[in-house]
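Worksheet: the structure to be examined is printed underneath.
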Amino acid sequence: MRDLLRELPSLAGPLPGFDPRGAPDDPFGLFTGWLRAAIEAGVREPHAMTLSTVDAEGRPSARVLILKDLTEEGFQFASGSAGRKGKELANTPWAALTFYWAPLGRQVRVRGRTENADGTRDFLARSEASRAVALLGRQSTPMADPAELETALASTRERVRADPGLVAPNWSVCTVVPDEIEFWQGNEQRRHVRLNYRRASGSWTKELLWP
């Protein structure tokens, strides 16, 4: 396995450059620019991000979600409270996000507290299949037989069709309000550029980090 992994290329390029001297004072503007660049470059699912949380014992867990919006407050995703991430965030309302756009050799790392808001609008905008799964309310719990899933989904699909305004209990939109955002631009010669933003007293400061 070691030899196999060493044969795989990484940061092969060509990769875009990044001059941090021209970076804006607000990291949200830079993030928007990088996201648009990923979209224009044809990066698959550029709005996908890894959400990392910790349990009551401090053990981390991570999963890939979709960025729903970027507001003046922060980065938004939608979730129910019954699964592992919902429970972990309820216990420890701090999280990290990681975006990675491999063709561009770019990643963005976000850390901050989380805040929940009503998720009715998000839930009703979802597909019928997505709403049916969310209404199961069994995320992250053990499943003895896959047939149970089909039976349960048949029931929740009927509920969605009978009541188009039905919303899963405790469904919410969660915002990660960042106090730190790092922009990482990879380089073929490993002279990576790292620009870190930190927020304190309502304003942002910038600093370069060693590769």
**Q.** Residue among Gly74, Gly105 that alone is modelled with pLDDT of 95 or more, open to solvent by less than 30 Å² (accessible area, probe 1.4 Å) and either among the aliphatic types (A, V, I, L, M) or within 26 Å of Gly202 (Cβ to Cβ) (or both)
**A.** Gly74
Q. Restricting the search to segment 1-26, which residues are touching a helix residue (DSSP H, G or I) at 6+ places or on another chain (Cβ under 7 Å) and either open to solvent by 40 Å² or more (accessible area, probe 1.4 Å) or not in a loop (DSSP other than H, G, I, E, B) (or both)?
A. Pro16, Pro24
Q: Select from segment 159-184 the residues that are of a type in the set (D, E, K, R) and in contact (Cβ under 8 Å) with a residue 60 or more places away in the chain and write down the one among them that is surrounded by the most Cβ atoms within 10 Å (Cβ to Cβ).
A: Glu182
Q: Run Ala147 past the list (1) open to solvent by 70 Å² or more (accessible area, probe 1.4 Å); (2) free of Cβ contacts under 8 Å to residues at least 12 places away in the same chain and report the number of the one that doesn't hold.
A: (1)
Q.
So for segment 185-200 (the condition being in a strand (DSSP E or B), open to solvent by less than 80 Å² (accessible area, probe 1.4 Å), charged (D, E, K, R) and in contact (Cβ under 8 Å) with a residue 40 or more places away in the chain), does at least one residue qualify?
A. no
Q) Picking from Ala117, Ala154, Ala132, which residue would you name as being in contact (Cβ under 8 Å) with a residue 12 or more places away in the chain, open to solvent by 20 Å² or more (accessible area, probe 1.4 Å) and either in a strand (DSSP E or B) or at negative phi (or both)? A) Ala117
Q) Within segment 28-41, is even one residue farther than 30 Å from Thr92 by Cα, in contact (Cβ under 8 Å) with a residue 24 or more places away in the chain and not aliphatic (A, V, I, L, M)? A) no
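A quick yes/no check of all residues on (1) within 18 Å of Ala78 (Cβ to Cβ); (2) aliphatic (A, V, I, L, M):
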{"site": "Val173", "(1), (2)": "yes, yes"}
{"site": "Val177", "(1), (2)": "yes, yes"}
{"site": "Phe183", "(1), (2)": "no, no"}
{"site": "Val193", "(1), (2)": "no, yes"}
{"site": "Gly202", "(1), (2)": "no, no"}
{"site": "Leu209", "(1), (2)": "no, yes"}
Q: Would you check if Leu104 is of a type in the set (A, V, I, L, M) and either in contact (Cβ under 8 Å) with a residue 40 or more places away in the chain or in contact with a strand residue (DSSP E or B) (Cβ under 7 Å, 6 or more places away or on another chain) (or both)?
A: yes
Q | Residue satisfying condition, being closer than 24 Å to Pro46 by Cβ and of a type in the set (Gly, Ala, Ser), within set Ser140, Ser130, Ser155 | A | Ser130
Q: Mind listing whichever residues of segment 34-59 are out of contact with any helix residue (DSSP H, G or I) (no Cβ under 9 Å at 6 or more places or on another chain), of a type outside the set (A, V, I, L, M, F, W, C) and closer than 16 Å to Val110 by Cα?
A: Thr50, Ser52
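The values are calculated or read from the model by the stated rules, or taken from the named source; none is laboratory data. The structure displayed is predicted, hence computed values, not measured ones. Virtual Cβ from ideal backbone geometry, glycine too; neighbours counted across all protein chains shown. Remember, those area values only see protein heavy atoms, side chains included, never the ligands or the DNA or RNA. Shrake-Rupley method; radii C 1.70, N 1.55, O 1.52, S 1.80 Å.
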